Each structure stands twice: as C-alpha cells, then as structure tokens.
Amino acid sequence: MARETPEMREDGATPADRRAVARRRALRKGQHDDIISVLMLIAGAALFFGPWVAGQMADNAKDASSNELVVGLIVVFVAGRRLSRGAGLRSDLVILLAGGWMIAAPFVFGRGDTRVNGPSTFDVTIGILLTVFALVGLGLLRAARGPGRRARHA
C-alpha cells in the first residue's frame, strides 16, 4: 500500500491533476460563455438592424422601431462586454430584462392583437431567445461557482 503524501488527498489526485481538471473546466466554461455571448450579440444586432431591413421606419411604427433600436443597442453593448470581459450576474440579468421587455413590448404598445404579423412576432421571438440565452448564462454562472458558494434556502 502506497504511503499518502501531503500533496495527495482523499481522492488520490495530486495538485497538478486538480489544476489540469480546473483548467479544462475553465476552458469548457469559457467556450460555452463565448458561444452564448455571440448568440446574444447576433440577437441584439438583429433587433438593432431589424427595423431598417423590414422597412418599418415609417411614422406609424415609430414607437416600436425606437424600442427595437434602443433594446438592440443595449443588448449589443452588454453582449460585447460579456464577450470581452467574461460573463457576470449583471450582464445576464440585463439581457434577461431585455428579453422580458421584448416579449411584453408588443402588448404594451398595442400591437399584440390576435393577428399574426411580422413586427410583434419578431419582437416576441427575439425576446424568447434573449431570455433563454440569459437563463443558460445564469445556469453556467451558477455551475461555475460550485456547490459551496450557492445560496442556502431554508
């Protein structure tokens, strides 16, 4: 039976083994965060350029177009920051709020009638995508923190 050295723990892993596993886990998390950030960036760009591509910049759709421009710009900036500096709780919460707003916006601006039309369907679809991306990002963030740092609930 081998004598246990101070470097070895109960699991038999040496510090070098633990560092290698931590590096692989960090690389995998970083790749997933980058993919989510790029998808958020694409969704934000679609929101920002969508009114011009669809030709909605007419006077009758000014509120909706302004909403898409502003939310798209916010999402592009937050996703770009998330891509360059890494994911964080605030960035994912901002994207989550933006997604929720894009789901609610057609109904707030009175375009949420029962007819299926392009602008409201586009807004709701992008809102759902942003919400899903933010929830996945929050899940990755929670998984990266590990079991010891999660909040305890009574």
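The values are calculated or read from the model by the stated rules, or taken from the named source; none is laboratory data. None of the values given here were measured: they were computed from a predicted structure. Virtual Cβ from ideal backbone geometry, glycine too; neighbours counted across all protein chains shown. The protein model used for the area step is the full one, side chains on, heavy atoms only, and it has no ligands, DNA or RNA in it. Shrake-Rupley method; radii C 1.70, N 1.55, O 1.52, S 1.80 Å.
Are any residues in the stretch 82-99 among the small types (G, A, S), surrounded by fewer than 17 Cβ atoms within 10 Å (Cβ to Cβ) and under 10 Å from the mean Cα position of the chain (by Cα), and if so, which ones?
Residue satisfying the conditions is G88 alone.
Can you work out which of the residues in the stretch 47-57 that are under 11 Å from F122 (Cα atoms) and buried (at least 18 other Cβ atoms within 10 Å of the Cβ) is modelled with the highest pLDDT?
If we take residues in the stretch 47-57 being under 11 Å from F122 (Cα atoms) and buried (at least 18 other Cβ atoms within 10 Å of the Cβ), then L47 is modelled with the highest pLDDT.
All but one of (1) open to solvent by 40 Å² or more (accessible area, probe 1.4 Å); (2) at pLDDT below 75 hold for A64, so report the exception by its number.
(1)
I'd like to know if the stretch 120-134 contains one or more residues that are more than 20 Å from L93 (Cβ to Cβ), at pLDDT 85 or above and among the aliphatic types (A, V, I, L, M).
Within the stretch 120-134 (the criterion being more than 20 Å from L93 (Cβ to Cβ), at pLDDT 85 or above and among the aliphatic types (A, V, I, L, M)), the answer is yes, since at least one residue qualifies.
Contact list please: Cβ distance under 7 Å, first residue in the stretch 67-88 and within 20 Å of L140 (Cα to Cα), second residue among the charged types (D, E, K, R), pairs at least six apart or on different chains.
Qualifying pairs under 7 Å: L83/D34; G86/D33; A87/D33.
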